[in-house]
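A quick write-up on the structure given underneath.
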C-alpha cells in the first residue's frame, strides 16, 4: 500500500478550513485536483491525487501538498473517472475515514474503490459512503448543486464531468476530457464562470506492459483546450494537469495565444499548485 507523505505539512488543508469565502473559492492541488469551499462552509474535493506515480513510467513533478489525514470538514469527494490519478485509495479513502464524507463517481470508478482497492476493507470506510452517479444526475451538497454531465475521454472507461452551481457563480471540471459535442451542449445549458480543462504535451512514456517508450497523448494540446473552452462558452479557463507528469508537462501561458480568436474563454487563469481562485468574482 502506497504511503503518503506531505511535502508542505498541513498548511494547505488548514488554509481551506480557516477560509471564509464571499462566494465559492477553489484551490488548485496540482494534477487535476481541487478543493472547493462555499460561503456557508460546504467543502468538496474533486480528483485529489497525492501519489508519486509509477516511476519510471509516470514521475510526479510537483510537491505532495498535504496528507489526507490532515483534512477536516469535507462534505464530499467527486471523481471524474477511474484512472489512478483520479481514483486513488491512499489519497482519498483516509479523507472519507476521517470526515465521514461521501464519495461520488461513475460506476467503473466506484467499482475500482470497492473491488480493486478495497477501500471498505483497508480503511474505516463504510459502503454507504460510496455512491455511483451517471450523466443527468444532480447531487445537492450544502449550498452547492452538482450536475453530472458527459465527457469525451478516449482513454477512460466511463468518464464524466461536473458542473457545480452556487449562488455566486458556476464552476466546471472536465476531468481529462477533450473537445466534443457533449461540451457544446453543456455550454448551451449552463453559464460557466470558471472552467477547468486538462492540458499537456505529448511525449514518449514507457508502455504500461512492455515498458518500451511509446508516443503518448493523454490530455488536450493547446488547440484542443482552446476548442473545448469555446464549446463550453467559459468566461474563464483554468488549465490543469500540465504540471504533474515528467515528459508530458507544458506551459499553461501558451494557451492564451490559442484562445485569442475565439469568443470564449474571455480570460485564461494560470494557477500553480496551492493557488486560490474565486469562481464568481475573480480573486
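The values are calculated or read from the model by the stated rules, or taken from the named source; none is laboratory data. Just so it is clear, the structure is predicted and the values come from calculations on it, not from any experiment. Positions of Cβ are backbone-derived with ideal geometry, glycine not excepted, and every protein chain shown enters the neighbour counts.
The residue that is surrounded by the most Cβ atoms within 10 Å (Cβ to Cβ), among those in the stretch 29-42 that are assigned to a strand (DSSP E or B) and touching a residue at least 40 places away in the same chain (Cβ under 8 Å), is 36. So, in the stretch 224-241, how many residues would count as being over 14 Å from residue 173 (Cα atoms) and under 14 Å from the mean Cα position of the chain (by Cα)? Summing the residues that are over 14 Å from residue 173 (Cα atoms) and under 14 Å from the mean Cα position of the chain (by Cα) in the stretch 224-241 gives 0.
Checked against (1) farther than 27 Å from residue 209 by Cα; (2) in contact with a helix residue (DSSP H, G or I) (Cβ under 8 Å, 6 or more places away or on another chain), residue 12 meets all criteria but (2). Scanning the stretch 263-277 for residues that are free of Cβ contacts under 8 Å to residues at least 40 places away in the same chain, assigned to a loop (DSSP other than H, G, I, E, B) and under 27 Å from residue 216 (Cβ atoms) yields a single hit, 270. Within the stretch 242-255, if we keep just the residues that are assigned to a loop (DSSP other than H, G, I, E, B) and either in contact (Cβ under 8 Å) with a residue 12 or more places away in the chain or in contact with a helix residue (DSSP H, G or I) (Cβ under 8 Å, 6 or more places away or on another chain) (or both), the residue that is nearest to residue 173 (Cα to Cα) turns out to be 242.
Do we find that residue 258 is in contact with a helix residue (DSSP H, G or I) (Cβ under 7 Å, 6 or more places away or on another chain), at pLDDT 95 or above and not in a loop (DSSP other than H, G, I, E, B) in this structure? Against the criterion (in contact with a helix residue (DSSP H, G or I) (Cβ under 7 Å, 6 or more places away or on another chain), at pLDDT 95 or above and not in a loop (DSSP other than H, G, I, E, B)), residue 258 qualifies. Residue 123 meets all of the listed conditions (1) in contact with a strand residue (DSSP E or B) (Cβ under 7 Å, 6 or more places away or on another chain); (2) crowded, with 16+ Cβ neighbours inside 10 Å but one, namely (1). Scanning the stretch 204-222 for any residue that is in a helix (DSSP H, G or I) and over 20 Å from residue 81 (Cα atoms) turns up at least one such residue.
The strands (runs of 3 or more DSSP E) falling completely within the stretch 133-187 that include 1 or more residues that are more than 16 Å from residue 235 (Cβ to Cβ) map to 138-141, 144-150, 160-166. The listed residues are 59, 87, 26, and the only one of them that is assigned to a loop (DSSP other than H, G, I, E, B) and either within 14 Å of the chain's Cα centre (by Cα) or farther than 28 Å from residue 135 by Cα (or both) turns out to be 87.
Taken over the stretch 67-79, the residue count meeting the criterion of being in a loop (DSSP other than H, G, I, E, B) and farther than 29 Å from residue 149 by Cα is 1.
Among the residues of the stretch 226-241 satisfying the criterion of being part of a helix (DSSP H, G or I) and touching a helix residue (DSSP H, G or I) at 6+ places or on another chain (Cβ under 6 Å), which is surrounded by the fewest Cβ atoms within 10 Å (Cβ to Cβ)? Ranking the candidates gives 231 first.
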